[in-house]
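> Structure in C-alpha coordinates, see below.
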Ligand SMILES: C[S@@+](CC[C@H](N)C(=O)[O-])C[C@H]1O[C@@H](n2cnc3c(N)ncnc32)[C@H](O)[C@@H]1O
(Lines give C-alpha, C1' and ligand atoms only; values in the text may rest on other atoms or scores of the structure.)
Protein backbone atom coordinates (compact mmCIF):
# COMPACT_ATOMS: atom_id res chain seq x y z
CA UNK A 1 0.00 0.00 0.00
CA UNK A 2 1.66 3.21 -1.08
CA UNK A 3 -1.26 5.27 0.25
CA UNK A 4 -3.54 4.72 3.21
CA UNK A 5 -7.16 5.56 3.92
CA UNK A 6 -6.94 4.14 7.45
CA UNK A 7 -7.73 6.58 10.29
CA UNK A 8 -5.93 5.63 13.51
CA UNK A 9 -8.39 4.94 16.33
CA UNK A 10 -8.07 6.48 19.83
CA UNK A 11 -4.85 8.21 18.75
CA UNK A 12 -4.68 10.78 21.56
CA UNK A 13 -5.60 8.14 24.14
CA UNK A 14 -2.88 5.77 22.85
CA UNK A 15 -0.29 8.57 23.07
CA UNK A 16 -1.45 9.42 26.61
CA UNK A 17 -1.19 5.72 27.50
CA UNK A 18 2.25 5.01 26.00
CA UNK A 19 3.64 8.49 26.72
CA UNK A 20 6.52 8.21 24.21
CA UNK A 21 9.56 10.37 25.03
CA UNK A 22 12.63 11.47 23.03
CA UNK A 23 15.11 8.62 22.38
CA UNK A 24 12.79 5.82 23.51
CA UNK A 25 12.08 2.62 21.54
CA UNK A 26 8.49 1.60 20.83
CA UNK A 27 6.99 -1.34 18.99
CA UNK A 28 3.85 -0.99 16.90
CA UNK A 29 2.82 -4.64 16.44
CA UNK A 30 0.07 -3.72 13.95
CA UNK A 31 1.58 -1.03 11.72
CA UNK A 32 -1.23 -1.02 9.09
CA UNK A 33 -1.44 2.47 7.57
CA UNK A 34 1.17 3.68 10.06
CA UNK A 35 -1.13 6.22 11.74
CA UNK A 36 -0.17 5.39 15.32
CA UNK A 37 3.50 4.84 14.37
CA UNK A 38 3.70 8.27 12.72
CA UNK A 39 2.51 10.02 15.88
CA UNK A 40 4.87 7.97 18.10
CA UNK A 41 7.78 8.71 15.72
CA UNK A 42 7.25 12.43 16.20
CA UNK A 43 7.78 11.97 19.93
CA UNK A 44 10.81 9.62 20.03
CA UNK A 45 13.22 11.64 17.87
CA UNK A 46 16.11 12.26 17.49
CA UNK A 47 17.50 8.85 18.47
CA UNK A 48 14.54 6.63 19.38
CA UNK A 49 13.19 3.86 17.16
CA UNK A 50 9.74 2.64 16.19
CA UNK A 51 9.63 -0.99 15.11
CA UNK A 52 6.53 -1.43 12.98
CA UNK A 53 5.33 -5.00 12.44
CA UNK A 54 2.65 -6.14 10.01
CA UNK A 55 1.74 -9.54 8.66
CA UNK A 56 0.35 -8.15 5.42
CA UNK A 57 3.07 -7.94 2.75
CA UNK A 58 1.08 -5.17 1.04
CA UNK A 59 1.85 -2.88 4.01
CA UNK A 60 4.69 -0.54 3.11
CA UNK A 61 6.62 2.22 4.84
CA UNK A 62 4.93 5.49 3.98
CA UNK A 63 8.13 7.54 4.17
CA UNK A 64 11.84 7.01 4.56
CA UNK A 65 12.00 7.89 8.21
CA UNK A 66 15.34 6.61 9.54
CA UNK A 67 13.82 6.12 12.99
CA UNK A 68 11.30 3.59 11.64
CA UNK A 69 12.06 -0.08 11.02
CA UNK A 70 9.26 -2.00 9.28
CA UNK A 71 9.16 -5.78 9.67
CA UNK A 72 6.85 -8.03 7.64
CA UNK A 73 6.06 -10.76 10.16
CA UNK A 74 3.47 -12.06 12.59
CA UNK A 75 3.48 -10.21 15.90
CA UNK A 76 3.28 -13.56 17.62
CA UNK A 77 7.01 -13.79 16.76
CA UNK A 78 7.73 -10.63 18.78
CA UNK A 79 10.48 -12.25 20.87
CA UNK A 80 12.37 -13.44 17.77
CA UNK A 81 11.90 -10.08 15.99
CA UNK A 82 13.33 -8.15 18.95
CA UNK A 83 16.27 -10.55 19.31
CA UNK A 84 17.11 -10.30 15.62
CA UNK A 85 17.04 -6.50 15.71
CA UNK A 86 19.18 -6.51 18.86
CA UNK A 87 17.04 -3.88 20.60
CA UNK A 88 17.45 -4.09 24.35
CA UNK A 89 15.34 -1.34 25.91
CA UNK A 90 11.69 -1.15 24.91
CA UNK A 91 9.46 1.51 26.44
CA UNK A 92 6.14 0.87 24.72
CA UNK A 93 4.26 -1.80 22.79
CA UNK A 94 1.03 -1.19 20.88
CA UNK A 95 -1.48 -3.69 19.49
CA UNK A 96 -4.34 -2.28 17.40
CA UNK A 97 -6.16 -5.51 16.61
CA UNK A 98 -8.14 -6.60 13.59
CA UNK A 99 -7.99 -5.31 10.06
CA UNK A 100 -7.34 -1.89 8.53
CA UNK A 101 -9.60 0.19 6.30
CA UNK A 102 -7.02 -0.37 3.54
CA UNK A 103 -7.61 -4.13 3.71
CA UNK A 104 -11.37 -3.66 3.95
CA UNK A 105 -11.29 -1.46 0.88
CA UNK A 106 -9.02 -3.70 -1.18
CA UNK A 107 -11.94 -5.77 -2.54
CA UNK A 108 -9.90 -8.63 -3.98
CA UNK A 109 -9.10 -10.60 -0.81
CA UNK A 110 -12.63 -11.13 0.45
CA UNK A 111 -12.45 -8.64 3.35
CA UNK A 112 -15.08 -6.39 1.80
CA UNK A 113 -18.69 -7.62 1.72
CA UNK A 114 -19.38 -5.69 -1.42
CA UNK A 115 -16.93 -7.35 -3.74
CA UNK A 116 -16.84 -10.48 -5.81
CA UNK A 117 -13.40 -11.01 -4.27
CA UNK A 118 -12.20 -14.56 -3.61
CA UNK A 119 -12.82 -15.43 0.05
CA UNK A 120 -9.22 -15.49 1.17
CA UNK A 121 -9.23 -13.41 4.41
CA UNK A 122 -5.59 -14.19 5.23
CA UNK A 123 -3.65 -11.14 6.41
CA UNK A 124 -0.68 -12.82 4.74
CA UNK A 125 -1.84 -14.27 1.41
CA UNK A 126 1.52 -16.04 1.03
CA UNK A 127 1.07 -18.08 4.24
CA UNK A 128 0.12 -21.76 4.20
CA UNK A 129 -2.93 -21.23 6.42
CA UNK A 130 -6.29 -22.24 4.87
CA UNK A 131 -8.31 -19.53 3.14
CA UNK A 132 -11.90 -18.82 4.22
CA UNK A 133 -13.12 -20.49 1.00
CA UNK A 134 -11.16 -23.65 1.89
CA UNK A 135 -12.62 -23.66 5.40
CA UNK A 136 -16.16 -23.37 3.97
CA UNK A 137 -15.39 -26.18 1.54
CA UNK A 138 -13.57 -28.63 3.82
CA UNK A 139 -14.45 -28.14 7.48
CA UNK A 140 -17.08 -30.39 9.09
CA UNK A 141 -20.53 -29.13 10.05
CA UNK A 142 -19.48 -29.18 13.71
CA UNK A 143 -16.31 -27.19 13.05
CA UNK A 144 -18.15 -24.53 11.01
CA UNK A 145 -20.82 -24.21 13.67
CA UNK A 146 -18.18 -23.72 16.36
CA UNK A 147 -16.39 -21.03 14.32
CA UNK A 148 -19.59 -19.04 13.71
CA UNK A 149 -20.73 -19.38 17.33
CA UNK A 150 -17.45 -18.96 19.20
CA UNK A 151 -15.71 -16.37 17.03
CA UNK A 152 -18.76 -14.48 15.72
CA UNK A 153 -21.48 -15.01 18.34
CA UNK A 154 -23.67 -15.41 15.25
CA UNK A 155 -27.31 -16.00 16.28
CA UNK A 156 -28.11 -17.79 13.00
CA UNK A 157 -24.98 -19.99 13.14
CA UNK A 158 -27.03 -23.17 12.78
CA UNK A 159 -29.20 -22.32 9.70
CA UNK A 160 -26.20 -20.68 8.00
CA UNK A 161 -24.04 -23.78 8.57
CA UNK A 162 -26.85 -26.07 7.37
CA UNK A 163 -27.22 -24.06 4.18
CA UNK A 164 -23.46 -24.12 3.48
CA UNK A 165 -23.43 -27.91 3.92
CA UNK A 166 -26.56 -28.33 1.74
CA UNK A 167 -24.97 -26.30 -1.08
CA UNK A 168 -21.76 -28.27 -0.74
CA UNK A 169 -23.69 -31.53 -1.11
CA UNK A 170 -25.17 -30.28 -4.38
CA UNK A 171 -21.69 -29.42 -5.62
CA UNK A 172 -21.90 -25.65 -5.00
CA UNK A 173 -19.03 -24.06 -3.08
CA UNK A 174 -18.99 -20.62 -1.49
CA UNK A 175 -15.87 -19.04 -2.94
CA UNK A 176 -16.51 -15.31 -3.12
CA UNK A 177 -17.52 -12.63 -0.62
CA UNK A 178 -20.78 -11.82 -2.40
CA UNK A 179 -21.85 -15.52 -2.51
CA UNK A 180 -21.42 -15.72 1.26
CA UNK A 181 -23.22 -12.39 1.83
CA UNK A 182 -26.14 -13.62 -0.28
CA UNK A 183 -26.39 -16.92 1.62
CA UNK A 184 -26.37 -15.12 5.00
CA UNK A 185 -28.85 -12.45 3.87
CA UNK A 186 -31.29 -15.17 2.74
CA UNK A 187 -31.19 -16.77 6.21
CA UNK A 188 -31.79 -13.39 7.86
CA UNK A 189 -34.68 -12.59 5.52
CA UNK A 190 -36.29 -15.96 6.29
CA UNK A 191 -35.96 -15.47 10.01
CA UNK A 192 -36.62 -11.74 10.50
CA UNK A 193 -38.37 -10.63 7.29
CA UNK A 194 -36.88 -7.17 7.56
CA UNK A 195 -33.61 -5.54 6.73
CA UNK A 196 -31.28 -5.00 9.67
CA UNK A 197 -29.34 -1.75 10.04
CA UNK A 198 -25.96 -3.45 10.03
CA UNK A 199 -24.91 -5.84 7.33
CA UNK A 200 -26.01 -9.26 8.64
CA UNK A 201 -22.81 -10.80 7.25
CA UNK A 202 -20.54 -8.89 9.68
CA UNK A 203 -20.37 -11.62 12.32
CA UNK A 204 -19.72 -14.53 9.97
CA UNK A 205 -16.93 -12.62 8.18
CA UNK A 206 -15.38 -11.72 11.54
CA UNK A 207 -15.60 -15.35 12.68
CA UNK A 208 -13.98 -16.68 9.50
CA UNK A 209 -11.21 -14.04 9.65
CA UNK A 210 -10.40 -15.02 13.25
CA UNK A 211 -10.25 -18.71 12.29
CA UNK A 212 -8.27 -18.16 9.09
CA UNK A 213 -5.59 -16.09 10.84
CA UNK A 214 -5.69 -17.86 14.22
CA UNK A 215 -6.16 -14.40 15.68
CA UNK A 216 -6.85 -15.51 19.25
CA UNK A 217 -3.79 -17.78 19.23
CA UNK A 218 -1.65 -14.84 18.05
CA UNK A 219 -2.97 -12.52 20.78
CA UNK A 220 -2.45 -15.14 23.50
CA UNK A 221 1.12 -15.67 22.35
CA UNK A 222 2.13 -12.01 22.03
CA UNK A 223 0.76 -10.64 25.33
CA UNK A 224 3.25 -12.33 27.71
CA UNK A 225 6.15 -11.70 25.31
CA UNK A 226 5.18 -8.03 25.06
CA UNK A 227 5.25 -7.66 28.87
CA UNK A 228 8.55 -9.53 29.10
CA UNK A 229 10.11 -7.31 26.43
CA UNK A 230 9.28 -4.05 28.24
CA UNK A 231 11.73 -2.11 30.39
CA UNK A 232 10.52 -1.24 33.90
CA UNK A 233 8.09 1.69 33.55
CA UNK A 234 7.32 0.64 29.97
CA UNK A 235 3.72 0.31 28.82
CA UNK A 236 1.63 -2.05 26.73
CA UNK A 237 -1.52 -0.67 25.06
CA UNK A 238 -4.07 -2.91 23.35
CA UNK A 239 -7.06 -1.79 21.27
CA UNK A 240 -9.68 -4.50 20.70
CA UNK A 241 -12.79 -4.33 18.53
CA UNK A 242 -15.10 -7.04 19.82
CA UNK A 243 -15.94 -8.89 22.99
CA UNK A 244 -13.92 -12.05 22.19
CA UNK A 245 -10.69 -10.08 21.78
CA UNK A 246 -11.34 -7.84 24.75
CA UNK A 247 -12.06 -10.84 26.99
CA UNK A 248 -8.63 -12.36 26.23
CA UNK A 249 -6.84 -9.06 26.91
CA UNK A 250 -8.81 -8.30 30.10
CA UNK A 251 -8.24 -11.77 31.60
CA UNK A 252 -4.58 -11.78 30.71
CA UNK A 253 -4.03 -8.37 32.34
CA UNK A 254 -5.99 -9.39 35.46
CA UNK A 255 -4.02 -12.61 35.91
CA UNK A 256 -0.68 -10.97 35.12
CA UNK A 257 -1.34 -8.18 37.65
CA UNK A 258 -1.40 -10.64 40.57
CA UNK A 259 1.82 -12.38 39.57
CA UNK A 260 5.15 -11.58 41.24
CA UNK A 261 7.24 -11.50 38.12
CA UNK A 262 7.20 -9.71 35.80
CA UNK A 263 5.05 -7.33 37.78
CA UNK A 264 2.50 -5.12 36.03
CA UNK A 265 0.06 -2.44 37.09
CA UNK A 266 -3.27 -1.97 35.32
CA UNK A 267 -3.49 1.68 34.21
CA UNK A 268 -7.01 1.54 32.75
CA UNK A 269 -9.36 0.15 35.40
CA UNK A 270 -12.05 0.32 32.75
CA UNK A 271 -11.34 0.25 29.03
CA UNK A 272 -11.09 3.63 27.32
CA UNK A 273 -13.63 4.11 24.51
CA UNK A 274 -13.85 6.66 21.71
CA UNK A 275 -15.44 10.06 22.29
CA UNK A 276 -18.76 10.86 20.57
CA UNK A 277 -16.83 13.25 18.37
CA UNK A 278 -14.42 10.51 17.20
CA UNK A 279 -17.27 8.04 16.57
CA UNK A 280 -18.98 10.65 14.42
CA UNK A 281 -15.82 11.25 12.39
CA UNK A 282 -14.71 7.60 12.27
CA UNK A 283 -17.54 5.07 12.80
CA UNK A 284 -14.96 2.25 13.04
CA UNK A 285 -13.96 3.62 16.45
CA UNK A 286 -17.46 2.85 17.79
CA UNK A 287 -16.48 -0.60 19.09
CA UNK A 288 -12.84 0.15 20.05
CA UNK A 289 -11.68 -0.52 23.62
CA UNK A 290 -8.24 0.49 24.84
CA UNK A 291 -6.54 -1.19 27.81
CA UNK A 292 -3.11 -0.17 29.11
CA UNK A 293 -0.73 -1.79 31.62
CA UNK A 294 2.66 -0.72 32.96
CA UNK A 295 5.60 -2.94 33.86
CA UNK A 296 6.70 -2.14 37.42
C1 LIG B 1 -6.34 -2.04 12.75
S2 LIG B 1 -5.00 -2.24 11.67
C3 LIG B 1 -3.76 -1.22 12.35
C4 LIG B 1 -3.85 0.22 11.92
C5 LIG B 1 -2.73 1.11 12.42
N6 LIG B 1 -2.69 1.18 13.87
C7 LIG B 1 -2.85 2.50 11.84
O8 LIG B 1 -3.07 3.46 12.60
O9 LIG B 1 -2.76 2.65 10.62
C10 LIG B 1 -4.41 -3.83 12.07
C11 LIG B 1 -3.20 -4.29 11.26
O12 LIG B 1 -2.67 -5.42 11.94
C13 LIG B 1 -2.21 -6.35 11.01
N14 LIG B 1 -2.19 -7.67 11.65
C15 LIG B 1 -3.24 -8.46 11.99
N16 LIG B 1 -2.82 -9.57 12.60
C17 LIG B 1 -1.47 -9.48 12.65
C18 LIG B 1 -0.45 -10.33 13.17
N19 LIG B 1 -0.75 -11.49 13.78
N20 LIG B 1 0.83 -9.92 13.08
C21 LIG B 1 1.15 -8.74 12.48
N22 LIG B 1 0.23 -7.90 11.97
C23 LIG B 1 -1.06 -8.26 12.05
C24 LIG B 1 -3.19 -6.25 9.85
O25 LIG B 1 -2.59 -6.69 8.65
C26 LIG B 1 -3.51 -4.75 9.85
O27 LIG B 1 -2.69 -4.07 8.94
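The values are calculated or read from the model by the stated rules, or taken from the named source; none is laboratory data. All values reported here derive from a predicted model rather than from experimental measurement. So basically every Cβ, Gly included, is an ideal-geometry build from the backbone, and we count neighbours across all protein chains shown.
> Could you please let me know if residue 20 is within 22 Å of residue 295 (Cα to Cα), touching a helix residue (DSSP H, G or I) at 6+ places or on another chain (Cβ under 6 Å) and either away from the ligand (no atom under 14 Å from the Cβ) or in a loop (DSSP other than H, G, I, E, B) (or both)? Quick ask: steps written out before the conclusion?
Details: within 22 Å of residue 295 (Cα to Cα): yes; touching a helix residue (DSSP H, G or I) at 6+ places or on another chain (Cβ under 6 Å): yes; either away from the ligand (no atom under 14 Å from the Cβ) or in a loop (DSSP other than H, G, I, E, B) (or both): yes.
Yes, satisfied.
> Can you pull out the residues in region 63-80 that are closer than 12 Å to residue 41 by Cα, touching a helix residue (DSSP H, G or I) at 6+ places or on another chain (Cβ under 7 Å) and not in a strand (DSSP E or B)?
Correct list: 65, 67.
> Can you go through 104, 136, 121, 99 and tell me which one is within 26 Å of residue 198 (Cα to Cα), surrounded by 15 or more Cβ atoms within 10 Å (Cβ to Cβ) and more than 16 Å from the ligand (Cβ to nearest atom)? Give the derivation first.
Working: 104 fails: more than 16 Å from the ligand (Cβ to nearest atom); 121 fails: more than 16 Å from the ligand (Cβ to nearest atom); 99 fails: more than 16 Å from the ligand (Cβ to nearest atom).
136 is the lone residue from the list that is within 26 Å of residue 198 (Cα to Cα), surrounded by 15 or more Cβ atoms within 10 Å (Cβ to Cβ) and more than 16 Å from the ligand (Cβ to nearest atom).
Every residue, every condition in (1) in the same structural domain as residue 231 (by TED's automatic domain parsing); (2) under 24 Å from residue 125 (Cβ atoms); (3) within 13 Å of the ligand (Cβ to nearest atom), yes or no:
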{"residue": "3", "(1), (2), (3)": "no, yes, yes"}
{"residue": "16", "(1), (2), (3)": "yes, no, no"}
{"residue": "37", "(1), (2), (3)": "yes, yes, yes"}
{"residue": "40", "(1), (2), (3)": "yes, no, yes"}
{"residue": "48", "(1), (2), (3)": "yes, no, no"}
{"residue": "56", "(1), (2), (3)": "yes, yes, yes"}
{"residue": "65", "(1), (2), (3)": "yes, no, no"}
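> Let me ask something additional. Taking into account only those residues within region 78-96 that are over 20 Å from the mean Cα position of the chain (by Cα) and without any contact (Cβ under 8 Å) to a residue 60 or more places away in the chain, which is surrounded by the most Cβ atoms within 10 Å (Cβ to Cβ)? I'd like the intermediate steps shown before the answer.
So the first thing to find is which residues in region 78-96 are over 20 Å from the mean Cα position of the chain (by Cα), and the list is 80, 82-91.
Of the ones still in play, those that are also without any contact (Cβ under 8 Å) to a residue 60 or more places away in the chain are 80, 83-86, 88.
Numbers: 80: 12, 83: 11, 84: 11, 85: 14, 86: 6, 88: 9.
Only one residue tops the list, namely 85.
Residues checked against (1) buried (at least 20 other Cβ atoms within 10 Å of the Cβ); (2) in contact (Cβ under 8 Å) with a residue 40 or more places away in the chain:
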site	(1), (2)
182	no, no
186	no, no
191	no, no
199	no, yes
203	yes, yes
210	yes, yes
214	no, yes
220	no, no
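> Which residues, counting only those in region 23-35, are assigned to a loop (DSSP other than H, G, I, E, B) and away from the ligand (no atom under 14 Å from the Cβ)?
Looking only at region 23-35, we keep the residues that are assigned to a loop (DSSP other than H, G, I, E, B), and these are 23-24, 29-34.
Of everything in region 23-35, those that are assigned to a loop (DSSP other than H, G, I, E, B) and away from the ligand (no atom under 14 Å from the Cβ) turn out to be 23, 24.
> Which of the residues that make up region 104-135 are without any contact (Cβ under 8 Å) to a residue 60 or more places away in the chain and outside any loop (DSSP other than H, G, I, E, B)?
Listed by number, the residues that qualify are 104, 118, 133, 134.
> Against the definition (within 12 Å of the ligand (Cβ to nearest atom) and within 14 Å of residue 229 (Cβ to Cβ)), how does residue 81 come out, yes or no? It would help to see each step written out before you state the result.
Details: within 12 Å of the ligand (Cβ to nearest atom): yes; within 14 Å of residue 229 (Cβ to Cβ): yes.
Yes.
> Still on this structure, please answer the following. Just name the residue that is farthest from residue 152 (Cα to Cα) out of those in region 244-263 that are touching a helix residue (DSSP H, G or I) at 6+ places or on another chain (Cβ under 6 Å) and part of a helix (DSSP H, G or I).
At the first step, the residues of region 244-263 found to be touching a helix residue (DSSP H, G or I) at 6+ places or on another chain (Cβ under 6 Å) are 248, 252, 262.
Then drop every residue that is not part of a helix (DSSP H, G or I), which leaves 248, 252.
Details: 248: 15, 252: 21 Å.
It comes out as 252.
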